[in-house]
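Working notes for the structure below.
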Amino acid sequence: MPDCLFCEIVAGRVPSVIVGETEATLSFMDINPVNPGHVLTVPKRHSTDMWEMDAEAFAELAAAAHEVARRVRRVLRPEGVNMFMANGAAAGQTVFHAHVHTIPRWPGDGWIDPSWVAAPGDPDEIAAIGERLRAPR
Ligand code: 5GP
Ligand code: ZN
């Protein structure tokens, strides 16, 4: 896709520090790391977000990110790892080529955590939404 930063990185036209590659994915260091060792894993084929990926493409992305997280743990020895994906601007997505963040974590590393305030929900609403989301058996 023209004008897509991560497509340019996949094509090698924009430099990046690559840490892993599979047939379908590329993993490279984030240039604005939340913590040292922050890695992004992207599908090589342009997809704006996970909604544009089928289950197979998403599974390949997840497997590659899983391998990155294993390596981050082995090499950097963090005490935890956060993995996340922003899908849509409302979710914080700023680069519109699907990507999974792998972020090593240490106590007191400064990342406000958790970033939401957990409070008990309305049990009726939880049950009703669960009913709407439940997969048919
Ligand atoms: P998002 O906010 O869309 O979930 O994450 C986009 C990520 O891409 C950010 O963490 C940002 O630091 C990273 N990023 C933006 N531009 C570049 C770039 O040119 N190279 C690399 N390696 N990462 C980038
Ligand atoms: Zn792209």
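The values are calculated or read from the model by the stated rules, or taken from the named source; none is laboratory data. Just so we're clear, the structure is a prediction, and the values are computed from it rather than from any experiment. Heads up, the Cβs are rebuilt from the backbone with ideal geometry, glycines too, and the neighbour counts pull from every protein chain shown. Calculation scope for accessible area: heavy atoms of the full protein, side chains included, ligands and nucleic acids excluded. Shrake-Rupley method; radii C 1.70, N 1.55, O 1.52, S 1.80 Å.
Across the options H46, A59, P2, the greatest Cα extent toward the positive end of the charge dipole of the chain (unit charges at beta carbon of Lys, Arg, Asp, Glu) belongs to A59. Between 0 and 90 degrees, the angle of helix 55-76 with respect to the longest Cα principal axis of the chain falls at about 70 degrees.
3J(HN,Hα) along region 12-17, derived from phi through the Karplus expression 6.51 cos²θ - 1.76 cosθ + 1.60 where θ = phi - 60°, amounts to x, 7, 10, x, 8, 8 Hz, with x in place of Gly and Pro. Counting only protein chain heavy atoms and rolling a 1.4 Å probe, the accessible areas of R71, R134, R105 rank, largest first, as R134, R71, R105. Of the two radii for the chain, the radius of gyration is 1.02 times the Kirkwood radius, both from the alpha carbons; that is the Rg over Rh value.
Add +1 for every Lys or Arg and -1 for every Asp or Glu among the other residues with Cβ under 13 Å from the Cβ of R105, and state the total.
Its environment carries a net charge of -1.
The angle between the Cα long axis of helix 123-133 and the main principal axis of the chain comes to about 50°, on a 0 to 90 degree scale.
Between P33, P107, P123, the residue with the greatest mean-square fluctuation in the GNM of the chain (Cα pairs under 10 Å linked by springs) is P123.
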